[in-house]
Every structure is written in C-alpha cells, then in structure tokens.
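Chemist: Below are the structure tokens for one structure; questions will follow.
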Amino acid sequence: MSKPLPFWKTKRLADMNQAEWESLCDGCGRCCLHKLRDEATDELSFTEVACHMLDLRTCRCQDYANRKIRVPDCVGLTPGELRNIDWLPPTCGYRRLAEGKDLAWWHPLVSGDPDTVHTAGISVRGRAISERRAGELEAHIVDWPGRSPRPPRPTKCATNCTTKRTTKENNSC
Ligand code: SF4
Ligand code: SF4
C-alpha cells in the first residue's frame, strides 16, 4: 500500500490547522532581516541586519509567543496575508506553497532534520548582523536573502579530493 501524501500536498494553506501552519516555517530566519523600500520606486532591498529578537545561531525568534508585543511591527503570517506580502524570500516554505511549488529538500518536514536548513545554506546563520550593532541599514544592503540557494560550495571528502556539493542526495564522493 502506498504511503499517504503529507498534509502540505493535500491541504490548502487556508485549511491547515495551527500546528501544520507553524510547521511550514523552515526556520531560516530570512524574514526577520530588515528590508528597505524606496518610497519613490517601491523597490525592495534586503539587508543582512536582523531583528534584535532573532537568535543568530539558531535563527529562531527568542520569544516567538510574545513577538508581537516585543516587536510591534513583526508581521504574523496568515494565509490571507501571504497575498499582500512581497518580501518573503523565494526559499520560504509559505511562499513556495502559495506559488504552487513543493517544499524543498532542506525543509525539516521533508528532510526530517531541522539542521538541513542551515547546512544547505538557506538560513541566515553566519551571515546576519544584529540590529543592535549594525548601524545604518543602508550600509548593509545584500541580495542573498532574495535569492535561492547559494551556488554549490567545494567540499573536501575523507580522501581529501575536492568535489562540488550539488544536492543532498549526490553528496557522496
Ligand atoms: S522566511 Fe519563511 S520559512 Fe524562513 S523563517 Fe520566515 S516564515 Fe519561516
Ligand atoms: S520579533 Fe521574532 S519573529 Fe518577529 S521579526 Fe523579530 S525575530 Fe523575527
């Protein structure tokens, strides 16, 4: 007998329960980076500067339950809000499903491992700065939060050869 399809392949976003909805977040932390919007052109720029509540190592909010109290302009995602938001990164689980895509291999729901979002280079770990020490946002404009995974990085295997890591599955030199 074939395995039943996971909930995100069978349910509409609006029909998911709270636990299912919350689990769509891959924990990348990209949405907790500050963005700048040009008032004249409406152009959006990403920065590498994170909300002070973001734990830069785990890439999780330090007080998720009270985030709206601690940071009043923190945006709570809902199925309805997704239609009005243009700043979610292309890697975001919510955005991918809203665009009719599947969750990517690094998503913890797919990989079964909460660390794959970090090892795949999707999360902000190691490349975000807290707003507490960043200074002017304009000095920290970057484009990587608006892009999909970084190019494959060379990695050394046990026999000291150098190979390109392309996907999780073929990383087997
Ligand atoms: S960008 Fe999307 S997947 Fe990443 S932390 Fe934010 S809500 Fe979660
Ligand atoms: S309060 Fe938490 S969830 Fe909201 S932007 Fe800051 S770190 Fe992210």
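Chemist: Out of curiosity, is Arg12 of a type in the set (Lys, Arg), away from ligand 1 (no atom under 15 Å from the Cβ) and touching a Leu at 6+ places or on another chain (Cβ under 7 Å)?
Modeler: No, not satisfied.
Chemist: Can you name the number of the only condition in (1) small (Gly, Ala, Ser); (2) touching a strand residue (DSSP E or B) at 6+ places or on another chain (Cβ under 9 Å); (3) under 20 Å from Gly100 (Cβ atoms) that Ser23 fails?
Modeler: Checking Ser23 against (1) small (Gly, Ala, Ser); (2) touching a strand residue (DSSP E or B) at 6+ places or on another chain (Cβ under 9 Å); (3) under 20 Å from Gly100 (Cβ atoms), the one that fails is (2).
Chemist: Could you check, for the range 78-86, whether at least one of its residues is in contact with a Lys or Arg (Cβ under 8 Å, 6 or more places away or on another chain), of a type in the set (A, V, I, L, M) and closer than 15 Å to Ser123 by Cβ?
Modeler: Scanning the range 78-86 turns up no residue that is in contact with a Lys or Arg (Cβ under 8 Å, 6 or more places away or on another chain), of a type in the set (A, V, I, L, M) and closer than 15 Å to Ser123 by Cβ.
Chemist: Exactly one condition in (1) crowded, with 18+ Cβ neighbours inside 10 Å; (2) more than 14 Å from the chain's Cα centre (by Cα) is false for Gly135; which is it?
Modeler: Failed condition: (1).
Chemist: Right, another one. Can you tell me how many residues within the range 73-91 are touching an Asp or Glu at 6+ places or on another chain (Cβ under 8 Å) and either part of a helix (DSSP H, G or I) or away from ligand 2 (no atom under 13 Å from the Cβ) (or both)?
Modeler: Of the residues in that region, 1 qualify.
Chemist: Give the residue that is nearest to Gly93 (Cα to Cα), with candidates limited to residues of the range 109-124 that are surrounded by fewer than 18 Cβ atoms within 10 Å (Cβ to Cβ) and either in contact with a helix residue (DSSP H, G or I) (Cβ under 7 Å, 6 or more places away or on another chain) or aromatic (Phe, Trp, Tyr) (or both).
Modeler: For the range 109-124, the residue satisfying everything is Leu109.
Chemist: Taking interchain pairs and intrachain pairs at least six residues apart, which have beta carbon atoms under 7 angstrom, with the first residue in the range 23-36 and near ligand 1 (Cβ under 6 Å from one of its atoms) and the second at pLDDT 95 or above and in a strand (DSSP E or B)?
Modeler: Short answer, once both residue conditions are applied: Gly29/Ala50; Gly29/Leu54.
Chemist: I need every pair where a residue in the range 50-71 that is in contact (Cβ under 8 Å) with a residue 24 or more places away in the chain has its Cβ under 6 Å from the Cβ of a residue that is more than 6 Å from ligand 2 (Cβ to nearest atom) and not in a loop (DSSP other than H, G, I, E, B), sequence separation at least 6 or different chains.
Modeler: Ala50/Leu33; Ala50/Ser130; His52/Ser130; His52/Glu131; His52/Arg132
Chemist: If I filter the range 47-60 for residues that are exposed (fewer than 15 other Cβ atoms within 10 Å of the Cβ) and away from ligand 1 (no atom under 14 Å from the Cβ), do I get at least one hit?
Modeler: Within the range 47-60, one or more residues are exposed (fewer than 15 other Cβ atoms within 10 Å of the Cβ) and away from ligand 1 (no atom under 14 Å from the Cβ).
The values are calculated or read from the model by the stated rules, or taken from the named source; none is laboratory data. Bear in mind the structure is a predicted one, so any value in this text is a computation, not a measurement. Because the Cβ atoms are built from the backbone with ideal geometry, glycine has one as well, and the counts that use them run over all protein chains shown.
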